[in-house]
Amino acid sequence: MIRNLLVSILFFVGPALLMFMARNIVLMTLIWLKNRQRRELQQEVIDITPIHHHIHPNWFVIAVAVVSLGCAVTVFMELQRMDDVVSQQYVPAHMSESGKIIPGHWEPKAPAAD
């Protein structure tokens, strides 16, 4: 259960970081292109336009949270599903009656007798 929660948290944080990184890379590329275009025009105009200090729009933060939460919930639900899990036990390496070495392997557990 704890492992499932940790994996779900990873799948929540991972997409959020990737989306913010992608957004910042796109914005940095756009800024670089804009500066390159501005340098080509090279006009000497003093700009006194007030700068809006809001780093990113609220809709983007909400979209990141929704996508990340969706990924985390999906992964958690898949990890919690026990239908597909076959109970197995590890059989360590041993020697057979004929003297051959049999490597360690997993084999299905026998159903518990009631």
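The values are calculated or read from the model by the stated rules, or taken from the named source; none is laboratory data. Please read these numbers as outputs of a predicted model, since none were measured by experiment. Note: ideal-geometry Cβ built from the backbone for every residue, glycine included; neighbour counts use all protein chains shown. Accessible surface is based on the protein model in full, side chains and every heavy atom, while ligands, DNA and RNA are left aside. Shrake-Rupley method; radii C 1.70, N 1.55, O 1.52, S 1.80 Å.
On full extension of the chain, what length is gained from ALA110 through LEU5, given 0.36 nm per residue of separation minus the C-alpha to C-alpha distance?
Gain in length upon complete extension: 34.9 nm.
Would you work out the relative contact order for the chain, in percent, from Cα pairs under 8 angstrom that are 6 or more residues apart?
Computed over the chain, the figure is 33 percent.
If you compute mean projected area of the Cα convex hull in nm² for the structure shown, which of [x] 15.5; [y] 8.6; [z] 7.7 do you land on?
So the structure-derived entry is [x].
Give the accessible surface of region 1-72 per residue, rounded to a whole number of Å², with probe radius 1.4 Å and ligands, DNA and RNA excluded.
89 Å²
How large is ³J(HN,Hα) for each residue in region 59-66, as worked out from phi by the Karplus curve 6.51 cos²θ - 1.76 cosθ + 1.60 (θ = phi - 60°), to whole Hz, x for Gly and Pro?
My calculation for region 59-66 gives 5, 6, 5, 5, 4, 4, 5, 5 Hz in order.
If each residue of separation counts as 0.36 nm, what is the full-extension length gain between HIS94 and ASP47 once their alpha-carbon separation is subtracted?
8.9 nm
Starting from the Cα of ASN24, step 7 Å toward the Cβ, then list every residue of region 44-64 with an amide N under 14 Å from that point.
So the set is 55-56.
Restricting to DSSP loop positions (anything but H, G, I, E, B) with no more than 13 other Cβ atoms inside 10 Å of their own Cβ, which GluC sites (Glu not before Pro) remain in region 9-114?
Here the GluC sites (Glu not before Pro) that fit, given the DSSP loop and packing criteria, are GLU44, GLU97.
Within a Cβ distance under 14 Å of SER8, other residues only, what is the Lys/Arg minus Asp/Glu net charge?
Here the count lands on +1.
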